[in-house]
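Below is one structure, written out as structure tokens; comments come after it.
What follows draws every value from the coordinates through simple rules; no lab data is involved. Note that this is a predicted model, so its numbers are computed, not measured. Positions of Cβ are generated from backbone atoms using ideal geometry, with glycine treated the same way; all protein chains shown enter the neighbour counts.
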Amino acid sequence: MIPARRVKLFSNWFAMYMRYRMRKAFNRLVVANKVVIKPGHSILLLCNHFGWWDGFLANYLAYWHLFRKSYVMMQEDHLKKRMLLNLFGGFSINRSSREMVKSLQYAAGLLNNPENLVVVFPQGELISNHTNEIKVEKGIERLIKNIKGPCQIVYNCALIDYFESLKPSVFFHLFDCGIAGEVPFDELVEKINTCHQQALKAQIDVEH
Amino acid sequence: MIYPQKNKLITWFFHNYILRIVKADFHAVKFNAVEVERGKSVLLLANHFSWWDGFLMYYINHKVFKKRFHVMVIEETVKEVSFFKYMGAFSVSKSSREMLASLDYAAQLLNDPENLVLIFPQGKLYSNFVDEVDFQKGLSKIMQQAAGKFLTIMAATFIENLQYRKPTANVYLKVEGDLSDVQAAYQQHYDNAKQQQTKIVI
């Protein structure tokens, strides 16, 4: 596995550059449903995986809404093609090898520090933005079990919608899914799915 | 009520403009091929979730139906965006007498087999994530008046990013034969389209 070689200064620059890119590409970036951040907790940010942008979108949330240092779990072959992201907190996971366990333990290790945030896409592959079911890979259970420090789990459902614009807008629906270790895995999966349904419903009446 | 106007230069310019922005802003516009009978006009019903869907339907008309494009637009929008009327837009307003004139005009257009009339039966912008498509009143009046002269085509559009930076528009088209309950027929088509859409995994 490839661990992150996060350089704070470069990450900050990159985050600002990507914020500029996103403001150019999107009409609005809206947090439609806010979440209360628990002080002294690290954050495990679980996101729906629907497109090219969502790693950057998650990084944006980490910087400007959740106020933590972000690390992103990426597929090994994808990271190898873009090793620059390694400097901004990207670390790898290879689902087909034994090293997967190492990656999960590494992610759990990062979460022992309350300043950190780890972005994970629990679906493990690209799935339509319109899906009404989020499948959560087994590895997440192992990741959560390995976390020793206090860690808050947040589910982020990002939805793309247009309304009165030619540019798309992103609507983030954030949900608090409890503290790692206190919620059994099956319950967490169920909770993520109910949150996702809730987000889809809320999206219909979202302000525009 | 505002009627479509003719000006070859403006139409030529915005024809190219629309095709160009569709090409530039989307990675691809995907649609399924449908067979259209010659000698019948087309009534195109589409879901309304953004500014794009009029342009996307214009693009699809250019690629598939190749008819004269007409679209029913809210009066304020036609006034605000002045080039719409040169691209076949005619106005509709919520007040009843004006609305009747617009509906009559739409039915009249459908009598000519060279025409295509695009209507967004939802009447205003909704999210792309709605499950139920609500129709406004008035559509059945057009369909009664022009009965037998036109072909109804339903379009359900969904936007998706996936592995590309630019979005992809997926347009699901279907020729509808049963016209007894348009809203139910559209809903069924919409549900099917959405189901296909949610199955996309990469």
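General remarks:
- Rounded to 5, percent antiparallel among DSSP beta bridges of the stretch B:59-202: 55
- Couplings 3J(HN,Hα) of the stretch A:69-82, computed from phi: 7, 9, 10, 10, 7, 10, 5, 4, 5, 5, 5, 4, 6, 10 Hz, in residue order, whole Hz [Karplus 6.51 cos²θ - 1.76 cosθ + 1.60, θ = phi - 60°; x for Gly and Pro].
- From most to least packed by mean Cβ count within 10 Å, the peptides B:189-202, A:164-177 give A:164-177, B:189-202.
- Cubic angstrom per residue, convex hull over Cα atoms of chain A: 111
- In order along the stretch B:30-35, phi translates into HN-Hα couplings of 9, 8, 8, 6, 10, 8 Hz, rounded to whole numbers, per the Karplus curve 6.51 cos²θ - 1.76 cosθ + 1.60 with θ = phi - 60° and x for Gly and Pro.
- Contact order normalised by residue count of chain A, Cα under 8 Å, 6+ apart, percent: 30
- Spatial separation of Cα centroids for the stretch A:169-208 and the stretch B:108-133, in angstrom: 33
- Paramagnetic reach from B:Asp104 in the stretch B:138-154 [backbone N under 16 Å; point 7 Å along Cα→Cβ]: B:141-146
- Evaluating 6.51 cos²θ - 1.76 cosθ + 1.60 at θ = phi - 60° for every residue in the stretch A:116-129, the Karplus couplings come out as 9, 9, 10, 8, 10, 9, x, 6, x, 8, 6, 10, 3, 5 Hz, glycine and proline recorded as x.
- Whether the stretch A:92-208 is rounded, prolate or oblate, judged on the alpha carbon gyration tensor where a/c under 1.5 counts as rounded: prolate
- Of A:Lys81/A:Lys148; B:Lys8/B:Lys79; B:Lys30/B:Lys149; A:Lys201/B:Lys199; B:Lys30/B:Lys137; A:Lys69/A:Lys148, those spanning more than 22 Å from alpha-carbon to alpha-carbon: A:Lys81/A:Lys148; B:Lys30/B:Lys149; B:Lys30/B:Lys137
- Hydrodynamic estimate: the Kirkwood radius of the protein assembly as shown over Cα pairs, inserted into Stokes-Einstein at 4 °C and 1.567 mPa s, corresponds to D of 56 µm²/s.
- When DSSP beta bridges are restricted to pairs lying wholly in the stretch B:1-120, around 0% turn out antiparallel.
- Residues whose amide H lies under 5 Å from that of A:Ile134, counting only those 5 or more places away or on a different chain, are absent; hydrogens are built 1.01 Å from N in the peptide plane.
- Residues whose placed amide H lies under 5 Å from that of A:Val31, excluding near-sequence neighbours: A:Phe172
- Against the empirical curve 2.2 N^0.38 Å, the C-alpha radius of gyration of the stretch A:1-64 lands at a ratio of 1.25.
- Pairwise label distance in nanometres, A:Val36 with A:Asn12, each label 7 Å out on the Cα-Cβ vector: 3.1
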